[in-house]
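Some notes on the structure that comes next.
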């Protein structure tokens, strides 16, 4: 009886201890779960407040940037833009002022500072509009800059405080999660009820992990994604292209295609910056749809994009740029915006910075030559060479004179400048030294200067010239040579005089076949630019058709070597049936020419 009683008491004690243990573990697990939920809520609250402070800081920085831009160029939209950023700042402060008394104090302090900023900005606007630069500088230095610094410092204090709270909360969340794991093991051993509590704890843990992963993913996307277009940004471009170069090999070429919008300023000025942003987004979506792999597209900033094309040679990149151009023209309203493209192909040992520099240089030449896209060649390096000191002043005057000629002939806008650039590139390809190339470019720039003496009625006539009118037009090489000779540019005068002569002797003014190679370079560049440009009596033709036309006329109207040189610098090989045979035998000089040698 005693043994039975003792056993019963032992069982009862065991049940009681088990029950108490079950209740204790269950209560402990419940408290841990509540703490984890509270910690998760605190982390979210701190994160939201930190984001609000970051928005406030961004608005203050934008106000400072707008003020700096207004000082450099007085924009009529400045006050409206400043008011917009002030409203954004107020919206961000409204999100934090009810969080805690310290947050309200910071919000009120920031508002007071921004009110002082608004007053000082009004004085700055008055000073700039009045043309009082000294007063504007004094206002910026004595009042605006300290106020901006004070506002940013105030917002940073609040942001740092909540960032620290968020870090502490995350650590507490991790501690709570560990406690829940230990409780779950104990509960599984004790009873089904505790097991259910453990399931709840695991669900809570998953929510915390998902929230953390989601936040990390959001931050990563924000760091590598362009906010306007949704494609990769400048930072992602540099990281990705460096990785691709490390993984590349000569049998798997990488081409870099830089795209830059033309005419965006005109759209911004005429329709507003929202319309300009729409064009930027349109180019992004168009390029992404043509490429088919959006991960290859990057926005480098402003209106410039980059496409990193794997397993793609230069000719394939040119074809891709043409497809993007066609799609963009169809999508762009009114055709007011186009783009230029520069292509560089990776070579063994080439760094990412050099690859980007080459693509930028090709882009610059494409803009100058009004071509959709060009592939980098060493001839483009001439564009970055500095002119000799004795030619610099002459070049400035020549540019002004060339613009005057282009203005006189309303149908040839920038014709002389484009011809000059083509002449320089062809001269580099033909092996001339730097000094001689500068002279050839100067002659190309002034090849039509004699048109100053041609009546406007003939220059601007939309139809075909009569024989008498053409005779007057044919006088412009001699008049141009006379003008250049009077300026002591005797070599250039000789080339300008002969730039309408032909290898078959049917040119003018003398009808001779022995024109200098420099004059023949100008002749080819002049004809090419005329073919690819819009004229009142005919539409512009593609560069490939223009090259084919020059090739068919080489040996008679044009020098074969010059046509070949033009084909090379434009990266457009001549078709087999248009390929010119060996022609001019002028000596090829291979003298140092900077990076283009």
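Here the label points at residue 100 and residue 48, each 7 Å from Cα along the C-beta direction, are separated by 1.6 nm in the simple model. Computed extension gain for residue 460 through residue 175, at 0.36 nm per residue and net of the alpha carbon distance, reaches 94.3 nm. Straightening the chain between residue 58 and residue 79 buys 5.8 nm, computed as 0.36 nm per residue apart minus the Cα-Cα spacing. Sorting 109, 347 from the fewest to the most surrounding beta carbons within 10 angstrom yields 347, 109. The label-point distance for residue 112 and residue 338, in a model that sets each label 7 Å from Cα toward Cβ, rounds to 5.9 nm.
If you count, for each residue, the other Cβ atoms within 10 Å and average over each peptide, how do 499-510, 265-276 line up from highest to lowest?
499-510, 265-276
Max-minus-min Cα coordinates of region 234-376 on each principal axis give 46, 29, 24 Å, with the largest extent listed first. What the Cβ-Cβ distance of residue 266 and residue 510 gives, at R0 = 35 Å and to the nearest 0.05, is a FRET efficiency of 0.20. With a simple spin-label model that places each label point 7 Å from the Cα along the Cα-to-Cβ direction, the separation between residue 540 and residue 471 comes to 3.6 nm. On the beta carbon distance between residue 289 and residue 486, with R0 = 56 Å, the FRET formula returns roughly 0.45.
FRET efficiency for the pair residue 206 and residue 65, taken as 1/(1 + (r/R0)^6) with r the Cβ-Cβ distance and R0 = 56 Å, rounds to 0.85.
Bear in mind these aren't lab numbers, they're just calculated from the coordinates by the rules spelled out. This one's a predicted model, so the numbers in the text were calculated from it and none came from an experiment. Note that each Cβ is placed from the backbone with ideal geometry, even for glycine, and that neighbours are counted across all protein chains shown.
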